[in-house]
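The values are calculated or read from the model by the stated rules, or taken from the named source; none is laboratory data. The model shown is predicted, which means the values in this text are computed figures rather than measured ones. Cβ placement follows ideal geometry from the backbone for every residue including glycine, while neighbour counts extend to all protein chains displayed.
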Amino acid sequence: MKIGITCYPTYGGSGVVATELGLELAHRGHEVHFISYAQPIRLTELHANIHYHEVDVSRYPLFDYPPYDLALATRMAEVSELYGLDLLHVHYAIPHSVSALLARQMLAAKPKGQRLPFVTTLHGTDITLVGLDRSYLPITRFSIEQSDGVTAVSKYLQERTRREFDVRNNIQVIYNFVNCETYSRNTASPEQRLEYAHEDERILVHLSNFRPVKRVTDTIEILERVRKKVPAKLLLIGDGPDRSRAEWLAVQKGIHNDVIFLGKQDQVSEKLDILLMPSELESFGLAALEGMACEVVPIATRVGGVPEVIEHGKSGYLADVGDVDTMARYAIELLTDSTHLRQMAKACRGVAQSRFCASKIIPQYEEFYRRTLERSS
């Protein structure tokens, strides 16, 4: 198939999943065309089946805000016509599904009447935050219902979309995934670990875009409690509006030398012990899954779609939002019992392999595309 993919190219779960999906599809012989205002950050690999088309947004002084959605719709229609795309797959409803709808209508109005189906994948904040803003709710609902196919990354998100938007269109759950060969048990040397921690210290990690919903300061609170029982360091990967708050809190707690801000990175090669994900809301929890595939045990909050990924007590631990005492206690239990930590780490890897490997999820997308094309023919 010839598939156009549009996503936000910056750091964030939806862009990561969309890019990894395109890479996996290309390796399986499909022709993939990324259409966005910038090249996705994970699109670093050259492949004959992967193409990138930049969306040029007009800077005409008349526009206080450049009309990206219109420029995107135009580029989608152009690429589809030039390369004979079979369908578009847009990630994040606003504004991508609206642009895809316009592109579909533009092509249908041409003399030859080209049909261009589009699939929308809902990732989370496009529904839980953006879509519920009253100014966006009607257009979000309309674009979802006009999609030729809709998927959601968790049952939680599927059910919430149906409830909040009263969507009549069928929504199929296709979980996020990891390439289980790329994400595997870390075999970093002791020397690499020593760059961040002493031999007797454990390493905790948090990975996010540091938005308030991620509650990054909770990781500082957890570390403070853990260090009273176990020598440990905390690696904070990412950046965003709450970074300064986290930095100041670490200073106030007197543990700033034990908190290492690494900024935005794709992966960390050092062997890690525990991943902290104290988010207020997660529609899936991709960071937890990536950690699990690498035998890093997640301690997360019992919110959204997270319980669909982590089975409490078997492949990680779950706690209530803000309950840093309980999350710290779980971390201490694991870090003071190496046998238990290794057993749970292997269980995490087993879950990733059996339920969320790309080899299991990508065929679900392929079949979904085929059914969508059949219905649209």
Being within 30 Å of ILE237 (Cα to Cα) and outside the structural domain of SER208 (by TED's automatic domain parsing) is the requirement here; does VAL79 meet it? no
For the range 206-299, which fully contained helices (runs of 4 or more DSSP H) count at least 1 residues that are among the polar types (S, T, N, Q) and crowded, with 21+ Cβ neighbours inside 10 Å? 216-227
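Matching residues to (1) touching a residue at least 12 places away in the same chain (Cβ under 8 Å); (2) over 14 Å from ALA100 (Cβ atoms); (3) among the basic types (Lys, Arg):
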| position | (1), (2), (3) |
| --- | --- |
| LEU21 | yes, yes, no |
| GLN39 | yes, yes, no |
| LEU72 | yes, no, no |
| ARG75 | yes, no, yes |
Name the pairs: first residue in the range 284-301 and assigned by TED's automatic domain parsing to the domain that holds LEU207, second residue of a type in the set (Phe, Trp, Tyr) and modelled with pLDDT under 95, Cβ to Cβ under 8 Å, at least 6 apart or on different chains? GLU290/TYR183; ALA293/TYR183; CYS294/TYR183
